Every structure is written in structure tokens, then in C-alpha cells.
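Written out below as C-alpha cells is the structure these notes cover.
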Amino acid sequence: MNRAQNGPLPAKLIPNLGLKHRNTFGFDASAELAYEITSPEQIPAVISDIAKQKLTWRVLGGGSNVILPESLSGATLLMNITGQEMIASDEVATYLAVGGGVNWHELVIWTLENDLPGLENLALIPGTVGAAPIQNIGAYGVEVADYIDSIEAFDAKEQAFVTLRKEACHFAYRDSYFKQNPHRFIVTQVVFKLPKIWQARIHYADLATQFFEGSNPSPEEIFLAACKIRTRKLPDPTVIGNAGSFFQNPIVPQEQFETLLKTHTDLVSYPDATGKRKLAAAWLVDQCGFKGQRMGDVGVYQNQALVLVNHGGGTAQDVLGLAKCIQDKVRAEFGVSLQIEPNIF
Ligand code: FAD
Ligand code: NAP
């Protein structure tokens, strides 16, 4: 059959698909019905199929920011669209179009190999390119939104493919229009805009201490430094299940911050772009004595209090139970509510 004339094969349908290896917590989960999406053209038929059967649905990328129950009813769309290419270049920037299923860290490596710096602070973040704009991934003072030009997605509400320019994506701190509208958009491609003038961003203490004062590190050196710090500080999901930071850093009004500071003089916080104050959630959790603690098969990572881990055999219920203990204690001690970052399916 001539694919160019007849379009791609329909999405592969897989009943009762085990997802233990497609979620970084390593929870034993299975999808009632999984559709493997390898091309955007497959999506309208899949969504229409799902609507006819009145199924609930969700998209799964690399599973590094999700909490999966034992059984996912309805349809699970596995985002496996690959492909990346430079689509344009002008005096100010190079534009890259990248498929939603491309591995994020591999993209970062590819950009550096092709002399297209910018994404190096975001090295070693697990997951796919299509998921990166959902929570506007960020690390060491850089957010993916800084480099996004536009997003191609299927809008299930409008039953149409849409292009959202960066401004329409409402990117904010670990937030976006996509996150605010769950079960609506399926991100098929991200167009990145990588400026030709590059500047190192090493103001985070962990990164800064990797370099001599006044030195001018290259993008590759920053990439290697970020990888080194993360490897030391964060648990490797292939060894200990986890979904990175379990709680978002709470952003509180300046008055609340000042009140807290009176009783907790060593409170770790940073100014927020909106004039509020960002509290380090890891510090709050650590102060409540949870770092390194274990509750059955789940626990709080010994090197990073923000990371909850599955020691093996843990479940979504277990980790949410531990999270509730932490949230309750932090609220009682500091009057601050911690929001769970990973998506609960
Ligand atoms: P998944 O976990 O599969 O999905 C996450 C959410 O996005 C779900 O709601 C899903 O439905 C939705 N989604 C996924 N793909 C699509 C798509 N194509 N279209 C529409 N919706 C979609 N995050 C950071 O921001 N900064 C970090 O530094 C960071 N470090 C991490 C370190 C570790 C060790 C781990 C385990 C996680 C870390 N994370 C970090 C969280 C995670 O890696 C990111 O959120 C990542 O972008 C998730 O990608 P994913 O493909 O695994 O998405
Ligand atoms: P860290 O460098 O020890 O910093 C602790 C917290 O303080 C971070 O949450 C960070 O906020 C904040 N912070 C530190 N320096 C700051 C500065 N100069 N300006 C503003 N805020 C500052 O954090 P870490 O745990 O080792 O993680 C390093 C980076 O990777 C962080 O940016 C973190 O967000 C990211 N990360 C994210 C995840 C995830 O799953 N979301 C997992 C691991 C690491 P921010 O979080 O706002 O940067």
C-alpha cells in the first residue's frame, strides 16, 4: 500500500496494556484500552471512536508526571509521534518543529550537537516534548515557555487541529492553558524558537558553584553541570520509582511571607515575578521531619524532601496517603497548602 497516498495506518489498539514501565513511579497499572498514536492524522478517528463508545480518555507521554491507579478505564492515548527538523532560520532565531513523542532529554542533546543552545538548563528532565508545555517544565531558572514559538494540537472540543501561538498558551509558573483545560488538547508538535544570541543562566546556587566566579561556561558545560547535579540529588526512576517534585512551590502573598518569617527566621523563599513570594516546598517538608521517612512501600527521598518515592510495591493510594500526612503537617505548622504537582489519573 502506498502510505503517501493513503495516509498513515490507523492507531494501533491495545487492550489491557500493562503500564508499569510507562510510569516513572513504577506503579503496577494497566490501561483498559490503549491507542498508540504515531501520527497526528490518526487522532480524529481515535477521538470519534472514543466519543461513540462514550469513553473517558487521557494522553500518556513518558509517564514521569502522573500517578496511575491500578486500572485506567476508558481510553489511554500513548503519545508516540516522533520527528524533528529545523523549519526556518532568520537573523534572530532558529525554529525547530518537534513531534510530541520525542524524548525531551534527547532533544536537548540534539540541539547542542547542532549548535543550537538554549535548552541546556533543562537537561535530564524525563518525559516527552508534547508534555513539556503542559506544566511549562522548568529548572534552574529556565522554563520551556522561554523557547516556545507555537504549539500544534488536536482540540477535542472543537474537533479540529489548532495552532496556538505562545501568547495563547497562557504559560505561567508550572502552568499553561493546556493544564487548565484537561482532556481537551492533544499536543502533536511543538515549534521551538532558539535565539541566535545566547546567554548563560547560572544564577541558581547549585549551578553557579559548578563554575569559577567570573568564568564564562559554554552551553555544553552547563548541560554537563546540570546533569551532574541532578544525578547526585535526584533518584533515578529506573532504580527508585518517583515523579520528580511531588509538590509545587507555594506562592504566597508578601504579608503572609512576612508573618511566617517572624516565627521561622530561616524560611527559604524567593521573590516571585508577580510580586508575591515563592516558598521552597522542600524546606517546608524537611522542617516537618519527613526527609528520608518511609511509610510502608513509599517514602520521602533522603536527598530531596520534595521527591516522594516508591520503594517497590507501592501504589497510588499509598503515595497519596503519605502526601496527605505531609500536607496536613505542613498546613498545621506553616498555614500553607501544598498542591500536588503530578497529574492524578
Ligand atoms: P506524562 O507524565 O506522561 O504526562 C503528564 C501530563 O501531561 C498528563 O496530564 C498528560 O495527560 C499530559 N500530556 C502528556 N503528553 C501530552 C500531549 N502530547 N498532549 C496533551 N497532554 C499531554 N518537571 C519539571 O518541570 N522540571 C524538572 O526539573 C523535572 N524533573 C524531573 C525529574 C524526575 C526524576 C522526574 C521523574 C520528573 C521530573 N519532572 C520535572 C516532571 C516531568 O518530567 C515533566 O513534567 C515532564 O514534562 C512529563 O513528561 P511526560 O511525557 O512523562 O508526561
Ligand atoms: P534547588 O536548586 O535546591 O532549589 C530549591 C528551590 O528553591 C527550588 O524549588 C527553586 O525553585 C528555588 N530556587 C533556588 N534558587 C533559586 C533562585 N535563584 N531563584 C528562584 N528560585 C530559586 O532545587 P532542586 O530541587 O535541586 O531542583 C533544581 C531545579 O530543577 C529547580 O529549578 C527545580 O524546579 C527543578 N526540578 C523540578 C522537578 C519537578 O518535578 N518539577 C524535579 C526536580 C528538579 P524552582 O523550582 O521554581 O526552580
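The values are calculated or read from the model by the stated rules, or taken from the named source; none is laboratory data. Keep in mind that this is a model prediction, so the values were computed, not measured. FYI the Cβ positions are ideal-geometry reconstructions off the backbone, even for glycines, and counts take in every protein chain you see. These area figures cover heavy atoms from the full protein model, side chains too; ligands, DNA and RNA do not enter into them. Shrake-Rupley method; radii C 1.70, N 1.55, O 1.52, S 1.80 Å.
Express the accessible area of the chain per residue in Å², computed with a 1.4 Å probe while the remaining protein chains stay in the model. Mind showing how you got there, number by number?
Details: 16810 Å² over 345 residues.
In whole numbers, the chain has 49 Å² accessible per residue.
Any idea which of Ile137, Gln317, His264 is furthest toward the positive side of the dipole for the chain, if Lys and Arg beta-carbons carry +1 and Asp and Glu beta-carbons -1?
Gln317
Mind checking which of Leu308, Leu119, Leu260 has the largest fluctuation in a GNM of the chain, springs on alpha carbons under 10 Å?
Fluctuation is largest for Leu260.
Counting only helical runs of four or more DSSP H residues, what would the 222 nm mean residue ellipticity of the chain come to if each run contributes -39,500 (n - 2.57) and the total is spread over all its residues?
After summing the helix terms and dividing by residue count, I get -7000 deg cm²/dmol.
Run the numbers for Phe211 and Leu320: contour at 0.36 nm per residue of separation, minus the present Cα-Cα distance, in nm.
35.3 nm
Any of Lys166/Lys262; Lys179/Lys278; Lys179/Lys233; Lys166/Lys291; Lys193/Lys228 with alpha carbons more than 30 Å apart? Name them for me.
Lys166/Lys262; Lys166/Lys291
Using only the Cα atoms of region 64-223, build the gyration tensor, take square roots of its eigenvalues as a ≥ b ≥ c, and label the shape rounded, prolate or oblate: rounded if a/c is under 1.5, else prolate if a/b is larger than b/c, else oblate. Kindly include the intermediate steps, with their values, before the conclusion.
Values: a/c = 2.06, a/b = 1.56, b/c = 1.32.
Prolate, because a/c is 1.5 or more and a/b exceeds b/c.
Separation between the Asp236 and Ile344 pseudo-spin-labels, each 7 Å from Cα along Cα→Cβ, expressed in nm?
The two pseudo-label positions are separated by 3.2 nm.
What are the trypsin sites (Lys or Arg not before Pro) within region 118-172 that DSSP puts in a loop, where the Cβ has at most 13 other Cβ atoms within 10 Å?
Answer by residue number: Lys157.
When the chain is treated as a GNM, springs tying every alpha-carbon pair under 10 Å, which of Glu32, Glu70, Glu91 comes out with the largest mean-square fluctuation?
Comparing Glu32, Glu70, Glu91 in the GNM, the peak value goes to Glu91.
Tell me the accessible surface of His203 in square angstrom (1.4 angstrom probe, heavy atoms of protein chains only), to the nearest ten.
The accessible area comes out at roughly 120 Å².
Using a basic spin-label model with each label point 7 Å from the Cα along Cα→Cβ, how many nm lie between Gln302 and Tyr204?
2.4 nm
When the accessible area of region 84-205 is split by element with a 1.4 Å probe, what percent falls to carbon and sulfur?
Carbon and sulfur together cover 51 percent of it.
For Thr163 and Thr274, what does the FRET efficiency come to when R0 = 45 Å and r is the distance between their Cβ atoms, rounded to the nearest 0.05?
In this case the efficiency is close to 0.95.
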